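Structure in structure tokens, see below.
The values are calculated or read from the model by the stated rules, or taken from the named source; none is laboratory data. Treat the numbers as computed from the prediction; the structure is a model and nothing was measured. Heads up, the Cβs are rebuilt from the backbone with ideal geometry, glycines too, and the neighbour counts pull from every protein chain shown.
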Amino acid sequence: MKKRYIKWTMVIIWAIVIFVFSSQPGDISNGNNRFILDMFMKMGINLDAITGNKADFIIRKAAHFTEYFIFYLLLYNALIDDFYLNSTLIISLIMTFLYASTDEFHQRYVSGRGPAVRDVVIDVSGGVVCLLIIYIRHYIRNKKKNYRFFKKPY
């Protein structure tokens, strides 16, 4: 029971982290991106030169992808003890999509920000990549056992 509580607490904390980032006005959010660009510059890597001045855009979209990759992983971890593998993978993806959609709706009311379907697609892509990694990992790990994905993984 304690383990389940910890897993769901981590999901909730990460959802709050995403909400806080989404609540930042556009100018503050852009400042965070500038910080990352400056870190790369200090390492001698000019991302603007490499990407043709699209580094800010790439960093913002990579942040979306990463946030929801982690969110999916935490959801999967919280649900896996209660459902079969396939069910857990699908439920986690649906929950990721729903949270990403509500997050974009929320950004409609944040100064300097706005909702974008493209961002929901990027967010869900983070979840899909995580799903594929988990699925492949289970397949490889259990290939010798004549593993079937409709069984519980443990």
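In the set Val129, Val120, Val124, Val110, which member is out of contact with any Asp or Glu (no Cβ under 6 Å at 6 or more places or on another chain) and buried (at least 18 other Cβ atoms within 10 Å of the Cβ)?
Only one candidate qualifies: Val124.
For Ile28, work out the one condition from (1) touching a residue at least 60 places away in the same chain (Cβ under 8 Å); (2) out of contact with any helix residue (DSSP H, G or I) (no Cβ under 8 Å at 6 or more places or on another chain); (3) within 20 Å of Ala116 (Cβ to Cβ) it doesn't fulfil.
Single failed check for Ile28: (1).
One line per residue, one yes/no per condition, for (1) touching a helix residue (DSSP H, G or I) at 6+ places or on another chain (Cβ under 6 Å); (2) among the aliphatic types (A, V, I, L, M); (3) in contact (Cβ under 8 Å) with a residue 60 or more places away in the chain:
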position	(1), (2), (3)
Leu47	yes, yes, no
Gly52	no, no, no
Phe57	no, no, no
Glu67	yes, no, no
Met95	yes, yes, no
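Then there is this: Of the conditions (1) modelled with pLDDT of 95 or more; (2) crowded, with 16+ Cβ neighbours inside 10 Å; (3) closer than 17 Å to Leu98 by Cα, Lys7 fails just one. Which one is it?
It is condition (3) that Lys7 fails.
Look at the range 116-141 and say how many of its residues are under 17 Å from Ile94 (Cα atoms), in contact (Cβ under 8 Å) with a residue 12 or more places away in the chain and not β-branched (Val, Ile, Thr).
8
Continuing with the same structure: Picking from Arg113, Arg108, which residue would you name as being of a type in the set (Lys, Arg), free of Cβ contacts under 8 Å to residues at least 60 places away in the same chain and more than 16 Å from Val17 (Cβ to Cβ)?
Testing whether each residue is of a type in the set (Lys, Arg), free of Cβ contacts under 8 Å to residues at least 60 places away in the same chain and more than 16 Å from Val17 (Cβ to Cβ) leaves just Arg108.
Let me ask something else about it. Using the structure shown, decide if Val128 is in a loop (DSSP other than H, G, I, E, B), of a type in the set (A, V, I, L, M, F, W, C) and either at pLDDT below 90 or under 14 Å from the mean Cα position of the chain (by Cα) (or both).
no
So, one more: Scanning the range 116-125 for residues that are closer than 16 Å to Phe21 by Cβ and not charged (D, E, K, R), which turns out nearest to the chain's Cα centre (by Cα)?
Per the criteria, the residue is Ile122.
Continuing with this model, one more query. Is there any pair with a first residue in the range 12-23 that is on the phi < 0 side of the Ramachandran plot and a second that is among the aliphatic types (A, V, I, L, M) and surrounded by 13 or more Cβ atoms within 10 Å (Cβ to Cβ) whose Cβ atoms are under 7 Å apart and which are 6 or more apart or on different chains, and what are they?
Trp14/Ile70; Trp14/Leu74; Ser22/Val110; Ser23/Val110
Which helices (runs of 4 or more DSSP H) does the range 26-96 wholly contain that include 3 or more residues that are modelled with pLDDT of 80 or more and surrounded by fewer than 16 Cβ atoms within 10 Å (Cβ to Cβ)?
In the range 26-96, the matching helices (runs of 4 or more DSSP H) lie at 26-42, 55-79.
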